[in-house]
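Written out below as structure tokens is the structure these notes cover.
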Amino acid sequence: MPKRLLILGYGNPGRLDDGLGPACIEALRTRVLPDVTLESDYQLTVEDASLAAEHEVVIFVDAAVAGLEPFDFREVQPTETLSFSSHDVEPGAVITLAESLFGTRVKAFSLAIRGYQFNDFGECLSRQAQSNLAAAVNFLTPMIRASAMGSMNNKETGHE
Amino acid sequence: MAKSTYPRKIVIEPVTRVEGHGKVTILLDEHQQVQQARLHIVEFRGFERFIQGRPYWEVPVLVQRLCGICPVSHHLAAVKAMDLIAGVDHLPPTAEKMRRLMHYGQIFQSHALHFFHLVSPDLLFGFDADPAIRNVIGVARKFPHLAVQGVMMRKYGQELIKATAGKKIHGTGAIPGGINKNLSISERDGFLKDLDQMLKWSRETVALAKDYTVTHLKELADFGSFESNHLGLVRKDGAMDLYHGNLRAITADGKKIFDQVDYQTYADYLSEEVKPWSYMKFPFVKSLGPERGWYRVGPLARINTCTFIDTPEAEVARQEFMAVTQGKPNNITMAYHWARMIEILHSIEKIKELLHDPDLQGTDLRAQGRTRRNQAVGMIEAPRGTLIHSYEVNDQDEVTRCNLIVSTTHNNTPMNRAVEKVARDFLSGTEVTEGLLNRVEVAIRAYDPCLSCATHAMGRMPLVVEIRDAQGDLVHCRTRGVETDA
């Protein structure tokens, strides 16, 4: 039986706000949360399809260079065609591959946390990004608990 | 703007399915013939500065942030330098073998990812297939067993990295002087369980790459190909050694330029040329100069430079590979893929050897340093080729200088040559056709470049083609699926 929920944060923690995805996972790890798989990586890769296929629901957490503040949460649709490098697999492609390769139709969402500083090396988040991260973690926490109880809202939102 | 009949510049920017950013410019003369072709790299330097002032023992972890695809290579190249900085010349057997296991896991997963998910669409569907199909999802739909195989091989290598480095991101496994963990019996047994399957798939993959190359040899022999020097690390007896060795460089016909060079002295043998049109440097063998001294690195160069491979099945595969060119170095650009798959077989054979070695369960993990040094070089054969990390450290243990020469930088001139060759052979008229575009990509992809790593760039890359006239004005622009006239 597949596990319920996977939260996969990705980005480069050495590139300032690009590290928002992994930072979100680290923040969630400090909380006591039931029945959730937490993973982080530099970027999505094809083998994430295998991991996704082991779950019913996947939330992809990434930094956003533009868009809504503090974050944008929306459902991810499977990507039918794509052209990508191994540095750059889109969430939609991951769930397409999960179904094509492993026969698992995964429900997926993206949580794009707005960042501001990307064009340098550094291991810290900007002040605004930290604030957005806190909002995103507070948004995810009850969702994870609801997921463990067997219900999860499919809401799309640009803020809490 | 009306189309010009003057010399034109065609820009292909960036290139899909290679790592990072790239742009190709093809300059035409007044007769619409290719005058020059160049691969441009978008540069974002700064990593060396980022490292300065850091304690040297932090560096093996920090450098993994250079690249999300081959962090292990940077981790190991850096720690090999830091071993010496810390005064350690010899590692305990457990430490060296754990590092080797990590490295072979890295080679295995990186080559699997490249072949199955970046290259196989070109080989299975043909260079001229619709890009909407010629991608990994197309492979997943038409050849699902191959796509699953690629995913599972990649995953196996990633799990090896996790078991040896501690975690997938920012592993801390290798530390100056050793390693911080061994491989438990349960971890070992987990890998042994899937080993035979990985070996079987690796053999099949070598066969696939070989059959493709031999079957299409006539068209591939000239595709983006040229004679070049080759560079790689080899063991003292000449065997391929991807983790450690001495430098050997050979000419296109196999004559040794230098051999068994201690890589601490690499700067006496290799230099880097700067060109005004590129942010990326152009390495060359000093004794030959920049015009004749450029060389290739990576799987093709490694197969060409080594005397033999010390694992039985990969050695048989190497001999079959070398037979195609009657034992002389193979200079066929597309033969990179076959060479890469020979290395995948070599890596899994090495992994098998290591998993059966009880030293991996040893507890002597770290050597104590004797004489602290202030400068050192770490070198490794990364998946894409020779990787050089050079450091200077002050008496306060802070890094004061860092210089990195990554595989893609070594291959800078060869990639430019490949692009130029393809442009000369396949450009017809003044428009960049889909066929030309595909072939330029295929030629670059043979090198498995990691452009973001080479240039410390970030971001993604769509595909854009521009034609510019002699004055630099845009005449024609093309991206994937979109075409416009200026």
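The values are calculated or read from the model by the stated rules, or taken from the named source; none is laboratory data. Computed from a prediction, not measured in an experiment: that's the story for all the values here. In this analysis, Cβ positions are derived from the backbone assuming ideal geometry, glycine residues included, and neighbour counts consider all displayed protein chains.
Structure above, values below:
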{"read-out": "Lone qualifier among A:VAL46, A:VAL76, A:VAL32, A:VAL58 - being buried (at least 23 other Cβ atoms within 10 Å of the Cβ), at pLDDT below 95 and farther than 27 Å from B:ARG49 by Cα", "value": "A:VAL46"}
{"read-out": "Flag if A:GLU90 is modelled with pLDDT under 90 and within 14 Å of chain B (Cβ to nearest Cβ)", "value": "yes"}
{"read-out": "Members of region A:126-156 found to be at pLDDT 95 or above and outside any helix (DSSP H, G or I), listed by number", "value": "A:SER126"}
{"read-out": "Residue in region B:273-280 that is aliphatic (A, V, I, L, M), closer than 24 Å to B:ARG38 by Cα, crowded, with 17+ Cβ neighbours inside 10 Å and modelled with pLDDT under 95 present", "value": "yes"}
{"read-out": "Residues (farther than 22 Å from B:HIS111 by Cβ and not charged (D, E, K, R)) located in region B:227-246", "value": "B:ASN229, B:GLY238, B:ASN246"}
{"read-out": "Output for region A:30-68, where each listed residue is out of contact with any Lys or Arg (no Cβ under 8 Å at 6 or more places or on another chain), assigned to a strand (DSSP E or B) and hydroxyl-bearing (Ser, Thr, Tyr)", "value": "A:SER40"}
{"read-out": "Positions within region B:434-445 being surrounded by fewer than 20 Cβ atoms within 10 Å (Cβ to Cβ) and of a type outside the set (Gly, Ala, Ser), in sequence order", "value": "B:GLU434"}
{"read-out": "Residue that is surrounded by the fewest Cβ atoms within 10 Å (Cβ to Cβ) [pool: residues in region B:328-339 that are of a type outside the set (Val, Ile, Thr) and either on the phi > 0 side of the Ramachandran plot or part of a loop (DSSP other than H, G, I, E, B) (or both)]", "value": "B:LYS328"}
{"read-out": "Test for B:ALA129: is it over 30 Å from B:ASP241 (Cβ atoms), at the interface with chain A (Cβ under 8 Å from one of its Cβ atoms) and among the small types (Gly, Ala, Ser)", "value": "no"}
{"read-out": "Total residues in region B:150-178, condition away from every other protein chain (no Cβ under 14 Å), of a type in the set (A, V, I, L, M) and out of contact with any Asp or Glu (no Cβ under 8 Å at 6 or more places or on another chain)", "value": "2"}
{"read-out": "Failed item in (1) buried (at least 18 other Cβ atoms within 10 Å of the Cβ); (2) away from chain B (no Cβ under 14 Å); (3) out of contact with any helix residue (DSSP H, G or I) (no Cβ under 8 Å at 6 or more places or on another chain); (4) within 26 Å of A:GLY122 (Cα to Cα), with A:GLY67 passing the rest", "value": "(1)"}
{"read-out": "Test: residue in region B:343-354 that is farther than 17 Å from B:PHE115 by Cα and among the hydrophobic types (A, V, I, L, M, F, W, C)", "value": "yes"}
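Table: residues versus (1) at pLDDT 80 or above; (2) under 23 Å from the mean Cα position of the chain (by Cα); (3) closer than 17 Å to B:VAL393 by Cα.
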site	(1), (2), (3)
B:LYS23	no, yes, no
B:GLN32	no, no, no
B:VAL61	yes, yes, yes
B:ALA77	yes, yes, yes
B:LEU84	yes, no, yes
